[in-house]
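The values are calculated or read from the model by the stated rules, or taken from the named source; none is laboratory data. Just so it is clear, the model here is predicted, and its values are computed rather than measured. Cβ sites come from the backbone with ideal geometry, for glycine too, and all protein chains shown count toward neighbours. Each accessible area value is taken on the protein alone, full model and side chains, heavy atoms only, with ligands, DNA and RNA left out. Shrake-Rupley method; radii C 1.70, N 1.55, O 1.52, S 1.80 Å.
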Amino acid sequence: MDSGAVEIDGSVMEGGGQILRVSAALSCITGSSVKITKIRAGRSTPGLRPQHLNGLQLVSDLCSGSLQGASIGSTDISLTPGKIQSGNYTADTQTAGSVCLLLQVALPCALYADAASQLCLKGGTNAEMAPQIDYTVKVFKPIVEKFGVHFDCDIRMRGFYPKGGGEVMVTVNPVKELKPVTMTDRGNITKIYGRAYVAGVLPFKLAKDMSAAAVRTIRKEIKELYINIQPQQEKDKACGNGNGIIIIAESSTGCIFAGSALGKKGVYADKVGIEAAEMLLKNIRHNGCVDEFLQDQVIIFMALANGTSRIRTGAVTLHTQTAIHIAEQLTQAKFTITKCEDELSRNVTYIIECQGSGAVNPHL
């Protein structure tokens with residue numbers, strides 16, 4: 001590897017774990033060493049937390065890399081990648097750290113291996129400050145499939161805060177290269193459905209209350225659609241106690257949006273349902289083609305794809321701007337963001353366009 005590692009400032013823009021995930025994945029795929037400094041410098045607990053450390057170790061294992069400075073609380077690390085190897089990998093946060101964030105860092109790397117890989121990811125499946133596993137499977141997965149990404153996800157055990165203990169098995173198939181994606185026409189919302197769940201000792205009534213409150217909230221704004229939010233009791237496949245809800249909307253052109261919320265001690269179930277419903281409605285109102293949570297997660301795939309991708313979004317989030325900043329530092333991808341005036345709605349939308357770097361899998 002070249003001695004000139006790319007230096008990444010971990011405190012810029014969003015300044016969180018996302019900088020680590022995008023940098024480490026792109027380092028692994030492009031073969032360029034990275035040195036990340038000032039990791040999470042502005043956070044109340046700066047430096048690496050257990051889930052960040054697990055994610056970095058997972059990527060380093062995937063690419064037979066050499067990782068320096070990787071310990072809890074460390075604010076500087078360097079990664080020198082080797083060859084990406086398929087195989088069976090396990091990452092365990094041993095906390096309620098999100099398995100979905102582990103998948104975010106490992107999935108892009110595994111796409112560039114020589115054969116399918118199995119990732120056993122342990123921690124929180126439905127955790128705060130991260131996508132719920134239901135979001136990853138129902139929203140993220142079908143959209144990244146448009147780029148040519150294929151993975152299967154088996155939820156073996158759900159894990160909640162504070163214990164974690166969840167486990168998912170993910171099988172990732174390699175690709176020769178990713179295809180560009182155009183999503184600029186939202187179409188009409190045709191379907192709204194979801195699940196409200198309780199696990200452990202929590203009463204089933206909570207699930208019914210979350211579901212009913214969410215349906216009432218959406219009904220005020222969307223009257224013509226049947227809304228199907230199933231209350232469910234997670235019996236044997238859950239570790240610990242937890243409750244939450246995810247509501248998904250699909251459009252006539254294949255766009256998918258979600259709103260979700262997790263129950264907390266002392267928060268009424270109705271309030272949890274209303275929070276998820278309002279989040280969904282907010283993401284439907286802007287008339288873009290992805291919700292605010294998918295927006296930053298597709299950036300790495302746009303950057304790697306061979307060709308020009310165009311995706312219409314609502315307001316561009318700081319997470320997205322951060323992902324673009326890192327992707328442009330570590331690949332040849334070029335992004336532009338253009339504001340669209342939409343005569344049909346009062347809302348401003350943006351087109352994120354990317355000339356992808358056309359990363360090719362050398363092993364296939």
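Quick notes
- Ligands, DNA and RNA excluded, the heavy atoms of H325 present near 70 Å² of accessible surface to a 1.4 Å solvent probe.
- For the chain, the longest principal axis of the alpha carbon atoms and the long axis of helix 99-110 meet at an angle near 40°.
- Difference of contour (0.36 nm per residue) and Cα-Cα distance, K282 to A212: 23.3 nm
- Between 0 and 90 degrees, the angle of helix 318-330 with respect to the longest Cα principal axis of the chain falls at about 20 degrees.
- Of the residues T217, M279, A258, the one whose Cα sits farthest toward the positive end of the charge dipole of region 189-285, with +1 on the Cβ of Lys and Arg and -1 on the Cβ of Asp and Glu, is T217.
- Carbon and sulfur %, accessible surface of region 189-285 computed with the full protein complex present, 1.4 Å: 55
- For the chain, the convex hull drawn through the C-alpha positions has a volume of 123 cubic angstrom per residue.
- Full-extension gain in nm, E328 to V348, via 0.36 nm per residue minus C-alpha separation: 4.7 nm
- Net length available on complete extension from T90 to T308 is 75.0 nm, with 0.36 nm assigned per residue and the Cα-Cα distance removed.
- The three principal axes of the Cα atoms in region 256-312 give end-to-end lengths of 49, 23, 11 Å, sorted in falling order.
- Radius 10 Å from Cβ of G69, net charge of other residues (Lys, Arg +1; Asp, Glu -1): 0
- Relative contact order of region 189-285, pairs being alpha-carbon contacts under 8 Å that are 6 or more residues apart, as %: 36
- The calculated FRET efficiency for the pair T338 and V201, based on their C-beta separation and a Förster distance of 45 Å, comes to about 0.30.
- Remark on M157: its backbone amide H falls under 5 Å from those of E167, a criterion applied only to residues 5 or more positions apart or on other chains, H modelled at 1.01 Å from N.
- Region 32-89, Rg to Rh (Cα coordinates; Rh as Kirkwood inverse mean 1/r): 1.01
- Cα gyration tensor, region 74-188 - rounded (a/c under 1.5), prolate or oblate: oblate
- On Cα atoms only, tilt of 17-30 relative to the major axis of the chain in degrees: 50
- Each 10 Å bin from zero holds the following percent of Cα-Cα pairs in region 230-353: 12, 34, 29, 19, 7, 0.
- Value of relative contact order over region 8-150, rounded to a whole percent, pairs C-alpha under 8 Å and six or more apart: 21
- Shape of region 152-232, Cα gyration tensor, a/c cut at 1.5: oblate
- Restricting the calculation to Cα atoms, region 189-285 shows an Rg/Rh of 0.99 when the hydrodynamic-style radius is the Kirkwood one.
- Rolling a 1.4 Å probe over the protein heavy atoms gives the chain an accessible area of 41 Å² per residue.
- Heavy-atom accessible area with a 1.4 Å probe sorts M13, M169, M183, largest first, into M13, M169, M183.
- Nitroxide proxy distance, nm - points 7 Å out along Cα→Cβ at T171 and R43: 3.3
- Probe 1.4 Å - accessible area at E145, Å² to nearest ten: 60
- Basic side chains Lys and Arg get +1 at the Cβ, acidic Asp and Glu get -1 at the Cβ, and with that the dipole of the chain about its Cα centre reaches some 860 debye.
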